[in-house]
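Report on the structure given below.
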Amino acid sequence: MNVAYYQYFQYACMVLAIVFYRSLKLRSLQLLLPLMILVCVVETAAHHKEYFGMATNYEIYKCYIVGAAIFYYIMFAKLLRMNKRIRILYWCIAVATMVFVFIDFLWISRGNSSTYTTTLTFLQQFILSCLLIAQLTMDDTQPVKLSADPQFWFAAGLMIFAACTTVLFGLHSYIRDNHLTLFGRPLYRALGPVINVVLYLFYSISILLCSRYKQMQPSS
Amino acid sequence: MLQVQTNAAIIIAVILMLVILSVFVLVLILYFNNKRLASIREKELLKIEYNQAILSAQLEVQEQMMRQISQEIHDNVGQILSLVNLNLKTLKPGETEKLETTTTLVNKAITDLRTLSKSLNPEAIAKTGLIQLVKNDLEQIEKTGQFTTSFELKGEPVVPVSKLTILYRMIQEVLNNVIKHSGADKITVEMETGMISIEDNGKGFNPSAEQNGLGLINLQQRAKLINAEVKIDSVSTKGTIVIFILNNT
């Protein structure tokens, strides 16, 4: 079985999410578990695309992009404080984005990588994580120590990941067509795993902090 | 080929810059968050200290009042009632003058008890007002016969009700020190909008001397609580003046 080094971080993160699922619920991060299961399944499938008779793994990653986008929308809807109007606007943007993603996958970028969708979804995730960090930082009602806050580490990991992937996968077609490489590998293959390691390391910290948070709760 | 390498380098540089920028922003946020939390903790500690100081000042005022009440009952009301008792015991039918004196004495005892009853109320300080309270204290001091007092009002000091108790306690402490240690026979209290001064003609003292330090530090700390300043000017054999400067308390 062919397993890339960054996949170990994904599996470790998934195991942590399973073990500390109850703790994740307390900080509204319970969707990290299905997200991590999706990530692990997609990455494993993408690494063994030949078993599914696929020439490229674009279609598999497209499943990840759709699934992850939906999970992130639901998670941020829980994590971000919004009034009714902003919440309606938020869901309108989310639905519109998903409609666009389906149109793109089904008709525009069929069988190919999708620059528009990846750019749009990663950019949105970057903005949402920035908003969450801003909200946590400026919370005057209940100031928290951010370095011990699971939501901060979740948002920080996603912010760094989304900032890099927006550029890297937004330029996916360009990098592929022009053979832009680093250490003899296409840029997205050379840098992607490193960014993944950072993301799942941050998620793991977030999950572990959630478990500590649960320990600090008074037993009822 | 060179162009391709340049493009790859540009993309890597952009990604690297984004990572560095993101990490920098996150570290900055964590740094300021820690500073903010430390400042909140410090503020809370200060608040607790402030509340404790206020509480202790209020307790001291209460103690002072109790002492005053006890003294008043013993020296004043007790004496009057003893006299009334004696008068009534020795009263013979037709002695209207003695009866009138006794009635006057009973009325005086009632008035004194009313004054005492008022001072028992913790809100009495705010109700009576600083000026009247200081005047009452000076009257009490003068009653001992060992001091002549004068009170000059050039303007009413502006002090919030919450801080009035502390200021009053500070004035009382200075007056007590004058009575106990100064050897003076004249006390002058002067009030202005932003200042209160207490002057005596006693033997004076050295404010920087160690044995005087604790009481003065206590006074300075209380002044700090109400955003005031304490200035002491003392000349040997000529007396002391203590000035409270009220900075928009």
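The values are calculated or read from the model by the stated rules, or taken from the named source; none is laboratory data. Fair warning: this is a prediction, and the values are worked out from it, not measured in the lab. Neighbour counts are summed over all protein chains in view; Cβ atoms, including those assigned to glycine, are modelled from backbone coordinates with ideal geometry.
So here's what we get for this one:
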| quantity | calculated |
| --- | --- |
| Which numbered condition A:LEU120 misses (of (1) in contact (Cβ under 8 Å) with a residue 40 or more places away in the chain; (2) out of contact with any Asp or Glu (no Cβ under 6 Å at 6 or more places or on another chain)) | (1) |
| Residues being surrounded by 19 or more Cβ atoms within 10 Å (Cβ to Cβ) and more than 7 Å from chain B (Cβ to nearest Cβ) - total across region A:176-190 | 1 |
| Restricting region A:58-97 to residues that are of a type in the set (Val, Ile, Thr) and surrounded by 13 or more Cβ atoms within 10 Å (Cβ to Cβ), the residue that is farthest from A:ASN196 (Cα to Cα) | A:THR97 |
| Total residues in region B:138-162, condition modelled with pLDDT under 85 and under 16 Å from the mean Cα position of the chain (by Cα) | 5 |
| Residue check, A:THR165 more than 13 Å from every other protein chain (Cβ to nearest Cβ) and either under 14 Å from the mean Cα position of the chain (by Cα) or in a helix (DSSP H, G or I) (or both) | no |
| Evaluation of A:VAL144 against (1) in a helix (DSSP H, G or I); (2) within 10 Å of chain B (Cβ to nearest Cβ); (3) surrounded by fewer than 17 Cβ atoms within 10 Å (Cβ to Cβ); (4) aliphatic (A, V, I, L, M) (one fails), failing number | (1) |
| Which numbered condition B:ASP112 misses (of (1) in contact (Cβ under 8 Å) with a residue 24 or more places away in the chain; (2) surrounded by 13 or more Cβ atoms within 10 Å (Cβ to Cβ); (3) out of contact with any Lys or Arg (no Cβ under 9 Å at 6 or more places or on another chain); (4) closer than 16 Å to B:THR188 by Cα) | (4) |
| Residue identified as over 26 Å from B:GLN58 (Cβ atoms) and surrounded by 14 or more Cβ atoms within 10 Å (Cβ to Cβ) among B:GLY204, B:GLY145 | B:GLY204 |
| Hey, A:PHE100 part of a helix (DSSP H, G or I) and either on the phi > 0 side of the Ramachandran plot or surrounded by 21 or more Cβ atoms within 10 Å (Cβ to Cβ) (or both) or not | no |
| Failed item, numbered, when A:PHE154 is tested on (1) touching a helix residue (DSSP H, G or I) at 6+ places or on another chain (Cβ under 8 Å); (2) over 29 Å from A:THR56 (Cβ atoms); (3) within 10 Å of chain B (Cβ to nearest Cβ) | (3) |
| Among the candidates A:LEU106, A:LEU136, A:LEU128, residue that is farther than 30 Å from A:ALA55 by Cβ, assigned to a helix (DSSP H, G or I) and more than 17 Å from the chain's Cα centre (by Cα) | A:LEU136 |
| Identity of the residue in region B:24-63, over 36 Å from the mean Cα position of the chain (by Cα) and loosely packed, with under 13 Cβ neighbours inside 10 Å, that ends up nearest to the other protein chains (Cβ to nearest Cβ) | B:PHE32 |
| Search result, residues across region B:140-178 that are of a type outside the set (Ser, Thr, Tyr), under 19 Å from B:THR115 (Cβ atoms) and not in a helix (DSSP H, G or I) | B:PHE151 |
| Failed item in (1) of a type in the set (Gly, Ala, Ser); (2) within 10 Å of chain A (Cβ to nearest Cβ); (3) not in a helix (DSSP H, G or I), with B:ALA8 passing the rest | (3) |
| Matching residues, region B:212-240, being part of a strand (DSSP E or B) and either in contact with a Leu (Cβ under 6 Å, 6 or more places away or on another chain) or crowded, with 16+ Cβ neighbours inside 10 Å (or both) | B:ALA228, B:VAL230, B:ILE232, B:SER234, B:GLY239, B:THR240 |
